[in-house]
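FYI, it's all coordinate maths here, none of it is from the lab. Quantities reported herein were computed from a predicted structural model and do not represent experimental measurements. Cβ placement follows ideal geometry from the backbone for every residue including glycine, while neighbour counts extend to all protein chains displayed.
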Ligand SMILES: [Zn+2]
């Protein structure tokens with residue numbers, strides 16, 4: 001969950017990205033914030049400064065986010081989980097968010113990168129991605145904008 005910048009050039013900085021434990025959907029709890037990229041580096045760029053795209057985060061932050069999301073997915077769906085990150089062209093909310101759900105086996109395609117470790121997950125700039133566990137690692141499916149359809153609605 002993120003606070004949304006409304007001003008250009010980080011005039012209303014900081015707008016944190018909050019980590020929410022929503023395992024009990026009737027009692028969501030804020031358990032931390034993600035570190036923000038350095039404001040000095042982005043203040044002069046056009047647009048609003050904030051947490052929008054996965055590739056804009058540091059690798060360290062992305063790894064933490066993936067580990068957290070996978071742990072939550074495993075707790076809820078065992079080994080049948082999937083995590084989907086829609087591409088920016090189809091995202092209805094502009095902030096970064098991951099969809100966690102039960103993986104739809106029929107959604108499997110041949111367009112994936114096999115990855116052994118979370119630390120090797122790519123962060124594409126031009127598409128979304130969806131991830132599910134397989135023997136010895138993960139499939140990271142790339143090249144699609146709409147990815148949450150790989151999960152049970
Ligand atoms: Zn797959």
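Could you give log10 I(q)/I(0) at q = 0.15 Å⁻¹ for the range 79-152, computed by the Debye formula over C-alpha point scatterers of equal weight, without solvent? Relative scattering, expressed as log10 I(q)/I(0), comes to -0.44. Label-to-label distance for residue 74 and residue 134 is 1.9 nm, based on points extended 7 Å past Cα in the beta-carbon direction.
Modelled spin labels at residue 126 and residue 106, positioned 7 Å past Cα toward Cβ, are 3.2 nm from each other. Panel order for 26, 2, by other beta carbons found within 10 Å of each beta carbon, from fewest to most: 26, 2. Approximating the spin labels as points 7 Å out from Cα along Cα→Cβ, the residue 60-to-residue 11 distance works out to 3.2 nm.
Using only the alpha-carbon atoms, how far is helix 59-77 inclined from the longest principal axis of the chain? Give it as 0 to 90 degrees, nearest 10. It is inclined by approximately 40 degrees.
Based on alpha-carbon atoms, the Kirkwood radius and the radius of gyration of the chain give Rg/Rh equal to 0.97.
Normalising the average separation of contacting C-alpha pairs (under 8 angstrom, six or more residues apart) by the number of residues puts the relative contact order of the range 79-152 at 45 percent.
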